[in-house]
Amino acid sequence: MANTMQFDLVSPERRLASLEVTAVQIPGAEGDLTAMPGHAPLITTLRPGILRVESTEGSKEYVVTGGFAQLGDTLSVLAEKALPREELTQEAFKDLIAEARAAVDNAKEVFNNEPGPVDDAAKLLSDMVAMGGHIGLSAD
């Protein structure tokens, strides 16, 4: 079994990472998981959170707002939005929260009396607020 695997992180705006890693902690929608070389293949959706990457060059953290991770011989993360943790300022976080709040309001208008999509949008907002609190950023 190899000690590293290829890891790629992309968002619609840019490729954020492409390197050999020893482990990646993924904020999965069904729970957090750590992907390592030799892990069983899987595909999972992401919830808003911190993606932690361990490589021979050290550790790096990325903020993701959702997306998918596909794990096989390599790990590919396709994020809805992603940026290096150090680039997430209080102002940028407030913009993400404003977008999530707008999504909740829109879901309430479009899906009147259909709780599923409204609940999904509210959960996304809640996860965003929790992630910010975890890293010391305020949603207000």
task = Please specify each residue of the stretch 65-88 satisfying the condition of being in contact with a helix residue (DSSP H, G or I) (Cβ under 9 Å, 6 or more places away or on another chain) and of a type outside the set (Gly, Ala, Ser).
result = 65, 81, 83, 88
ask   = Considering only the stretch 9-46, how many residues are over 12 Å from the mean Cα position of the chain (by Cα) and within 16 Å of residue 81 (Cβ to Cβ)?
value = 6
request  = Using the structure shown, decide if residue 77 is in contact with a Lys or Arg (Cβ under 8 Å, 6 or more places away or on another chain) and either at pLDDT 95 or above or under 18 Å from residue 13 (Cα atoms) (or both).
outcome  = no
task = With the checklist (1) in contact with a Leu (Cβ under 8 Å, 6 or more places away or on another chain); (2) part of a loop (DSSP other than H, G, I, E, B) in hand, flag the one item residue 100 doesn't pass.
result = (2)
request  = Pairs only if they're at least six apart or on different chains, beta carbon under 9 angstrom, first in the stretch 115-140 and within 15 Å of residue 94 (Cα to Cα), second of a type in the set (Phe, Trp, Tyr); list them, first residue then second.
outcome  = 128/93; 131/93; 132/93; 135/93; 137/93; 138/93; 139/93
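Residue-by-condition table, conditions (1) of a type in the set (Gly, Ala, Ser); (2) surrounded by fewer than 13 Cβ atoms within 10 Å (Cβ to Cβ):
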{"residue": "89", "(1), (2)": "no, yes"}
{"residue": "94", "(1), (2)": "no, no"}
{"residue": "99", "(1), (2)": "no, no"}
{"residue": "104", "(1), (2)": "no, no"}
{"residue": "108", "(1), (2)": "no, no"}
{"residue": "112", "(1), (2)": "no, yes"}
{"residue": "116", "(1), (2)": "yes, yes"}
query = Do we have residue 110 as more than 18 Å from the chain's Cα centre (by Cα), in the same structural domain as residue 121 (by TED's automatic domain parsing) and under 14 Å from residue 124 (Cβ atoms) here?
reply = no
ask   = For the stretch 1-28, which residues satisfy the criterion of being over 11 Å from residue 51 (Cα atoms) and buried (at least 17 other Cβ atoms within 10 Å of the Cβ)?
value = 5, 7, 11, 16, 17, 21
request  = Spot the failing condition for residue 50; the list is (1) in contact with a His (Cβ under 8 Å, 6 or more places away or on another chain); (2) over 25 Å from residue 4 (Cα atoms), and only one is missed.
outcome  = (2)
task = Might you check whether a residue that is of a type in the set (S, T, N, Q), over 29 Å from residue 100 (Cβ atoms) and surrounded by fewer than 16 Cβ atoms within 10 Å (Cβ to Cβ) occurs anywhere in the stretch 38-55?
result = no
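The values are calculated or read from the model by the stated rules, or taken from the named source; none is laboratory data. Predicted model only: the values in this text are computed from it and were never measured. Because the Cβ atoms are built from the backbone with ideal geometry, glycine has one as well, and the counts that use them run over all protein chains shown.
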